[in-house]
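Right, one structure below, let's go through it.
The values are calculated or read from the model by the stated rules, or taken from the named source; none is laboratory data. All values reported here derive from a predicted model rather than from experimental measurement. Here Cβ is always computed from backbone atoms with ideal geometry, including for glycine, and neighbour counts include all displayed protein chains. Ligands, DNA and RNA are excluded from the accessible area calculation, which covers all protein heavy atoms including side chains. Shrake-Rupley method; radii C 1.70, N 1.55, O 1.52, S 1.80 Å.
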Amino acid sequence: TYDEDGWHVYNPDSPETSDLEEIEPGFGYWVHAECDTDNEDEWCDNLEVGGSLLSAGPEVPPSRELQAGWNLIGRYGTGWKEAGCALSSLVDTQEGFPRWSALYRYNAEGTSDEFEGLNFWDWTYHGEGYWIEMDVEDLYSPATNCVNFWD
């Protein structure tokens, strides 16, 4: 994963050099697979990450600080949502404009292996990581209310 301190890595072959200890909601992660997960002829394990968005007991929902500049995030929640809805906690409610100016996901399907730029109306999916360029520091939280300021 990546944050304001730089890259954090877990390597099962070298745990003594690893500095990533937990997988947390709201962070994006890149996973290197030893095999081609798109190749039906090749046996490859699926990566399943379990957990829940909210813990039992008197805790507040998760959130994380995003820095001005590039941040690697994971989308909160399940299913699919438009980017503007999934990232509605990052909208200036006084002006109605996003506090982010660029959003990318990595498309490893097929032979393209490229970054795709997303706009406010593109679909985002749980389990995917996203690069987001923030104009200012802000708090990224799960979105429960989707407001489309451009309708």
- Message: Looking only at the stretch 6-59, how many residues end up being over 19 Å from Gly77 (Cα atoms), at pLDDT below 80 and of a type in the set (Ser, Thr, Tyr)?
- Response: 1
- Query: Out of all the residues in the stretch 2-37, which are of a type in the set (D, E, K, R), surrounded by 10 or more Cβ atoms within 10 Å (Cβ to Cβ) and more than 30 Å from Ser88 (Cβ to Cβ)?
  - Reply: Asp19, Asp36
- Which one is surrounded by the fewest Cβ atoms within 10 Å (Cβ to Cβ), of the residues in the stretch 60-76 that are touching a Ser or Thr at 6+ places or on another chain (Cβ under 9 Å) and within 13 Å of Gly127 (Cβ to Cβ)? Gly74
- Query: Can you tell me which residues in the stretch 99-121 are modelled with pLDDT of 85 or more and not basic (Lys, Arg)?
  - Reply: Trp100, Ser101, Ala102, Leu103, Tyr104, Phe115, Glu116, Gly117, Leu118, Asn119, Phe120, Trp121
- Of the residues that sit in the stretch 122-144 and are part of a loop (DSSP other than H, G, I, E, B) and under 17 Å from Thr78 (Cβ atoms), which one is modelled with the lowest pLDDT? Thr144
- Task: For the stretch 81-94, state whether one or more residues are open to solvent by 30 Å² or more (accessible area, probe 1.4 Å), outside any loop (DSSP other than H, G, I, E, B) and over 25 Å from Pro61 (Cα atoms).
- Result: no
